[in-house]
Amino acid sequence: MTRNSLLGGLAAGLMLSTSVLAQEVDVLHYWTSGSEAAALAKIADAFKVKGGTWVDSGVAGFDAERSIAMTRFAGGNPPEAMLTEIGAETASMAREGLLRNLTDLAEAGKWEEVLPATVADALKVDGSIYAVPIDLGGRNWMYSSAKIFNDIGATPPTTWDEFFAVADKVKAAGYIPLALGGESWQEAILFSSVMSGVGGNDFFKAVYENADAEAAGGPTMVKVFETFRKLNDYVDPGSPGRAWNDTTNLVVTDQAAMIVMGDWAKGEFLGAGKVAGDSFLCDLAPGTTKFYDVIVDAFVFPVVAEDRAAGQTLLIDTMMDPTVQVEFNRLKGSLPPRSDADVSAMDACAVKGAAAMADAGTYVPSISKRPSNDISGQLEDVITSFWNDPTMTPEAAAAAYSDIVASAQ
C-alpha cells in the first residue's frame, strides 16, 4: 500500500467515523416507568431506522434529570437532547444561549400550521421556537376500575358531590375508593382537579392565569380546600410516599376504584393488557367536563458542536413525524401535538381527549401563563401541608395560597 493510499484510507475512515458520530444523540430523560420506556422506544426505533444512534440516558425523576443536566452544562458536555416541560425554566435556558434555536426547522416543516396555537406559542421564547413537542398531556383525568363499578352498581361520578356518595359505596364494598400517592406533586394534581371542579373555569383562570390573590384567598378557595380535606377519608393508609405508577396499579388490579392523575397513568393500564372503555374507564375528573389542563412534554436541544448538530436535526425530524407521534402516544397515553396525526385508531380515552380539546367550549388554561417553577413549588408546599396536617384550617390554607399568588404578580 502506498503512503497516499494509506492516507486516503485514513481520511475515508475519519469521514465515516465523523458521519456516524454526527448521527449519535445522547438523550437525557426521566421516562423510566414501563409504559413510558416502551413509548420512548418507539421514537428511538424510528430514529435508528433513519440512520441515527440513540444513546439512552434515562434517570428516575424530574429533579434528578435537572440536577444531571445542570452538571453536564457546567462541565461543557450537555446532552444532545433533553426532556422538559414547557415553562419558565425553558425560557430562561433559551435566553442564556444554552438551547438551539429551532425556528428555521419549524418554518421549513410548517409546524405552526399543524400545532394548536396555544402549543406553538408555548414553544416560543421572544418569538423564536426552542422546543419540539412530543405529547399533549391532560392532567385532569379520572381512571376507574370497571369491575368495582360493576360490583357496586354505579357509574363514575361527574361532580365532587357525586364522588363522595359513590366513594361511600366503594368503601362499604371493601375497596379503596381513591388511589393517591402521598407525594406533593400527586397531591397537587388532585387539588388542581378539585379546584377546577368546585370553583369552575372562571375561578381557575382568575387564580392561575391572572394571579388574582383576592380570588385565591376567598370563599370559593375555602370551599375547594374543604372538599380536598374530605378526600383524605377515602385514601388507603399506604398512600404516603408511594410512587405514581404503584398507586395507579391499585386501580389496574381492581384494589382501588378511582385515581385522578395525568393521562400518563393510562399507559400503565394499557401496558397491563387492559382495554379502555372495557376493563377500565376514563373520564375527565368530576366537574371538569369542559376543562382540559394541558401540559406539553417536549424535548429541547442544547447548543453543541456543529458535528453533533446533524444528529439533533435527524431526531427532531423523527419526533415531528405524525406517524411516530401516534405510535409514541398510543403507549404513553397522551395525545399527539400535530393536528394532522390520525388518532382514530387510538384507544377510546385518547379519542375522548381529542374531542375535548377540539370542543370550542372547553377551557384550556394558557400554557405560557402558568406559574413559575418556584411559585408552583410554594403552592405545592401549602397543598401538601394542608393534606398532611389536620389542624390546618381551610381558611388558613386559602390565606397562605393567596399570599403566594400575590407574590407572583
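The values are calculated or read from the model by the stated rules, or taken from the named source; none is laboratory data. On a predicted model such as this, the values are computed, not experimentally measured, just so you know. Glycine also receives a Cβ, built like all others from the backbone with ideal geometry; neighbour counts cover every protein chain displayed.
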Looking at this structure, is Ser192 touching a helix residue (DSSP H, G or I) at 6+ places or on another chain (Cβ under 6 Å), in a helix (DSSP H, G or I) and assigned by TED's automatic domain parsing to the domain that holds Pro286?
no
Take the residues in region 369-409 that are in contact with a Phe, Trp or Tyr (Cβ under 9 Å, 6 or more places away or on another chain), free of Cβ contacts under 8 Å to residues at least 24 places away in the same chain and not in a helix (DSSP H, G or I); name whichever of them is farthest from Lys205 (Cα to Cα).
Met392
Checking the conditions here, which among Glu327, Glu306 is of a type outside the set (A, V, I, L, M, F, W, C), without any contact (Cβ under 8 Å) to a residue 12 or more places away in the chain and assigned by TED's automatic domain parsing to the domain that holds Leu99?
Glu306
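So that you can scan it fast, the table gives a plain yes or no per residue for (1) under 30 Å from Ala74 (Cα atoms); (2) in contact with a Phe, Trp or Tyr (Cβ under 6 Å, 6 or more places away or on another chain); (3) without any contact (Cβ under 8 Å) to a residue 60 or more places away in the chain:
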{"residue": "Trp244", "(1), (2), (3)": "no, no, no"}
{"residue": "Asn249", "(1), (2), (3)": "no, no, yes"}
{"residue": "Val260", "(1), (2), (3)": "no, no, no"}
{"residue": "Leu314", "(1), (2), (3)": "yes, no, no"}
{"residue": "Asp340", "(1), (2), (3)": "no, no, no"}
So which residues in region 59-92 are touching a residue at least 60 places away in the same chain (Cβ under 8 Å) and farther than 24 Å from Pro365 by Cβ?
Phe73, Pro78, Pro79, Glu80, Ala81, Met82
Here is a check on your reading of the model: is Asp374 surrounded by fewer than 18 Cβ atoms within 10 Å (Cβ to Cβ), closer than 30 Å to Leu102 by Cα and at pLDDT below 95?
yes
Any residue in region 377-395 that is in contact with an Asp or Glu (Cβ under 6 Å, 6 or more places away or on another chain), under 20 Å from Met142 (Cα atoms) and of a type in the set (A, V, I, L, M)?
yes
Among residues belonging to region 342-364 that are free of Cβ contacts under 8 Å to residues at least 60 places away in the same chain and of a type outside the set (Gly, Ala, Ser), point out the one that is nearest to Lys274 (Cα to Cα).
Met346
Find all pairs meeting these conditions: Cβ atoms under 7 angstrom apart; at least six residues apart or on different chains; first residue within region 188-203 and polar (S, T, N, Q); second residue assigned to a helix (DSSP H, G or I).
Ser196/Phe204
Go through region 104-129 and give me each residue that's surrounded by 15 or more Cβ atoms within 10 Å (Cβ to Cβ) and of a type in the set (Ser, Thr, Tyr).
Thr118
Residue that is surrounded by fewer than 17 Cβ atoms within 10 Å (Cβ to Cβ), out of contact with any Cys (no Cβ under 8 Å at 6 or more places or on another chain) and at positive phi, where the choices are Gly287, Gly361, Gly273, Gly277
Gly273
Among the strands (runs of 3 or more DSSP E) confined wholly to region 250-313, which include 2 or more residues that are more than 21 Å from the chain's Cα centre (by Cα) and modelled with pLDDT of 95 or more?
256-261
How many residues, within region 172-211, are surrounded by 21 or more Cβ atoms within 10 Å (Cβ to Cβ), modelled with pLDDT of 95 or more and farther than 19 Å from Met142 by Cα?
1
Residues being of a type in the set (A, V, I, L, M, F, W, C) and in a helix (DSSP H, G or I) - total across region 55-90:
8
Only one of Lys124, Lys169 is farther than 28 Å from Phe328 by Cα and either touching a helix residue (DSSP H, G or I) at 6+ places or on another chain (Cβ under 9 Å) or in the same structural domain as Cys282 (by TED's automatic domain parsing) (or both); which?
Lys169
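This table checks each residue for (1) touching a helix residue (DSSP H, G or I) at 6+ places or on another chain (Cβ under 8 Å); (2) under 26 Å from Gly333 (Cβ atoms); (3) exposed (fewer than 14 other Cβ atoms within 10 Å of the Cβ); (4) not small (Gly, Ala, Ser).
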| residue | (1), (2), (3), (4) |
| --- | --- |
| Glu24 | yes, no, no, yes |
| Ala39 | yes, yes, no, no |
| Ala46 | yes, yes, no, no |
| Thr53 | yes, no, no, yes |
| Gly58 | yes, yes, no, no |
| Glu65 | no, yes, no, yes |
| Arg72 | no, no, no, yes |
